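All remarks here apply to the structure that follows.
What follows draws every value from the coordinates through simple rules; no lab data is involved. Quick caveat, the model's predicted, so the values are computed rather than measured. Cβ: placed from backbone, ideal geometry, glycine included. Neighbour counts: every protein chain shown.
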Amino acid sequence: MNYLFFTNTPAHVHLYKHAVQRLRDRGHEVLVLARDYTCTVDLLEWYDLPYVVYGACETSKGSLLSRLPAHYARAITHARRFDPDLVFGMGGYAAHTGAVTRTPTVLLIDSEPASFDHTISTPFARTILTPNTFRKELGENHYVFPGFKECAYLHPETYESDPSVRQRLGLEADEPYAILRLNAFGSQHDVGKRGLSDDDCRRLVDRLGDDVTVLVSDEGGDTDLEGLSARSFDLHPALMHDALAEADLLVADTQTMVTEAALLGTPAIRSNSFVGDDDMGNFVELENRDLIYNVSSADEIIDRAVALLEADDIAQTWQRRRNALLSDKVNLTDVIVDVAKNQGFVADLEALEQFGQTPEPEPVTSVGVGGD
């Protein structure tokens, strides 16, 4: 069979990379249609995945809108040449390409908001998959799996960290460090949202630098940290998960890396304007499991961070919590491969349940408004 995967962001590469490799190993033809956005192409090259770039996008909000027509035209052209039997993706590009080429489509969605994207994409999908923390119904073809999208690549059956990343970073074996991850807020679902200001970042680096080495990963590349002791994360982006697994702390105003930290057992503090009463279900669950903290100000970040860095046995405590969290979570790569083998029909797959057919995981209580 021919399988087509859309990777519009670096997170999508991680989501599908193992499934692509497994399907190829089983003799299937696979093509990745990629959007050249931040390090997406770098990751596809690193993992040696078969890809074609259908368009490019910068981190500014206006960049994508102006390029949509050309993106769609090239994506549809490449899809017609490849002649897929099934399309995988996360939104409009995949759904509409599948519709035009008359190919069944599977959408894997993990953030409740992006209502516009849901409205224009889900009617064209054969199947819609979401985590079971998802709190928004997306139609009769909506099925849920126990876990998070990051379970496709950070589940213990799939991922093992490499401590030698410390040497690559120029850190001593016992040198404590924190990662500060900053979002560019250039996606459609980021319109009207904000993260940490330059002043917030300077305060954080100045205070955390008293206790740990601070590594900054800045998606937009425009945060002013001149004169501070922070260092840029300058390794290949494919090594970020190894660095995150070894870190003592993650502070972020983005989304995906916070969930990744939880699945790796690294304490994480998240702060952006998505945080609040309408926060995403997965972040509420992770906070209720005492793996992350969702806060609304730099003062709260500093208070939480200092307490974590000064406490004893944090690493062991977080690993116990992480292991408890993952004890009943599915290896999502297995699910994606099974869905592919079933040509997108999922009613008989044991790992999936139709939305609303199983009890809601406790104690998640709120509905989300953002994602990566």
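Quick notes on this structure:
- Additional length obtainable on full extension of the chain from L235 to N323, 0.36 nm per residue less Cα span: 28.9 nm
- Å³ per residue enclosed by the Cα convex hull of the chain: 126
- If you take the alpha carbon atoms of the stretch 1-74 and fit the smallest convex hull around them, that volume is 73 Å³ per residue.
- Estimated from helical segments only, the mean residue ellipticity of the chain at 222 nm is -11000 deg cm²/dmol, where each DSSP H run of four or more residues counts as -39500 (n - 2.57).
- Relative contact order (%) - criterion: Cα under 8 Å, at least six apart; region: the stretch 47-124: 24
- Spherically averaged projected area of the convex hull of Cα atoms, the stretch 165-326: 9.3 nm².
- Among beta bridges from DSSP that stay inside the chain, the antiparallel ones total about 5%.
- Residue list for the stretch 213-228, given a label point 7 angstrom along the Cα-to-Cβ vector of V53 and an amide N cut-off under 14 Å: none
- Taken as Cα centroids, the stretch 119-179 and the stretch 86-111 sit 19 Å apart, rounded to the nearest whole angstrom.
- Per-residue packing, averaged as other Cβ atoms within 10 Å, sorts the ranges 118-125, 247-254 into the order 247-254, 118-125, beginning with the highest.
- Global form of the stretch 197-242, assessed from the alpha-carbon gyration tensor, a/c cut-off 1.5: oblate
- Separation in nanometres of the label points that stand 7 Å from Cα toward Cβ, at E353 and V100: 3.9
- Angle of helix 332-341 to the longest C-alpha principal axis of the chain, folded into 0 to 90 degrees and rounded to 10: 10°.
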